Amino acid sequence: MVTRRTASLLSRWADWLVMAATLTQVSARQILPAAESEAQAAAREAEGLRRRLLSWQHLQAAADWLERRQQLELHVSARGRPEAGVGSVAIEGGELAELMRACLAALALPDQMEEAYRLPLRTLWPVPDSIARIRDRLVVLPDGSALTSSLPDLQATDDFRKGSAIAGLFDAGLELARANLLMLDQAETWQIILV
């Protein structure tokens, strides 16, 4: 069975064999030329082959250098996760963990700017408050009233708090229905929920 490495070596040897045969032929034509023009042509051909050989040697040296470098997933792991037995991923100038720590320090906000980026605290409408409000309103409201009739006055509150109150009221209604303290009814999907 011929491996890829063996095939590569055979290919290199074949290239060298062709190059050696060509150089031998050119050398013979230079040493024993039939005419002066043929000797000059052989000299030009020899110079071209010499340049190709030097170029090929440079390419070969570059390929060997690349082959000696560490390869991803063979010598080093992606995203800095070392494989078993490989060790930690070293980058030029230090470890990856050191780079990450430096990045975190660089991304830290100065104290005076931290306040500008802090989101305002939002107060939610607590579910226990909604449960207590529904229980208080059940005494006053007739059967078949809308669940939303137990909402507090939300005119002066912002949209986030209004949404929180509606969600808390719905959750409270479900909790009370689960405890068999009230029944919820809805004629169709997306219609008003009745108590």
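The values are calculated or read from the model by the stated rules, or taken from the named source; none is laboratory data. For clarity, every value in this text was computed on a predicted model and none was experimentally measured. Note that each Cβ is placed from the backbone with ideal geometry, even for glycine, and that neighbours are counted across all protein chains shown.
Values for this structure:
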read-out	value
Filter result for T157 (in a helix (DSSP H, G or I) and modelled with pLDDT under 90)	no
Among the residues listed as A42, A46, A21, A63, the single one being within 40 Å of the chain's Cα centre (by Cα), modelled with pLDDT of 75 or more and in a helix (DSSP H, G or I)	A63
Candidate set from the stretch 186-195 (those that are surrounded by 13 or more Cβ atoms within 10 Å (Cβ to Cβ) and free of Cβ contacts under 8 Å to residues at least 60 places away in the same chain); member that is farthest from the chain's Cα centre (by Cα)	L194
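So that you can scan it fast, the table gives a plain yes or no per residue for (1) loosely packed, with under 10 Cβ neighbours inside 10 Å; (2) at pLDDT below 70; (3) of a type in the set (G, A, S):
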{"position": "A97", "(1), (2), (3)": "no, no, yes"}
{"position": "L121", "(1), (2), (3)": "yes, no, no"}
{"position": "R133", "(1), (2), (3)": "no, no, no"}
{"position": "T148", "(1), (2), (3)": "no, no, no"}
{"position": "A179", "(1), (2), (3)": "yes, no, yes"}
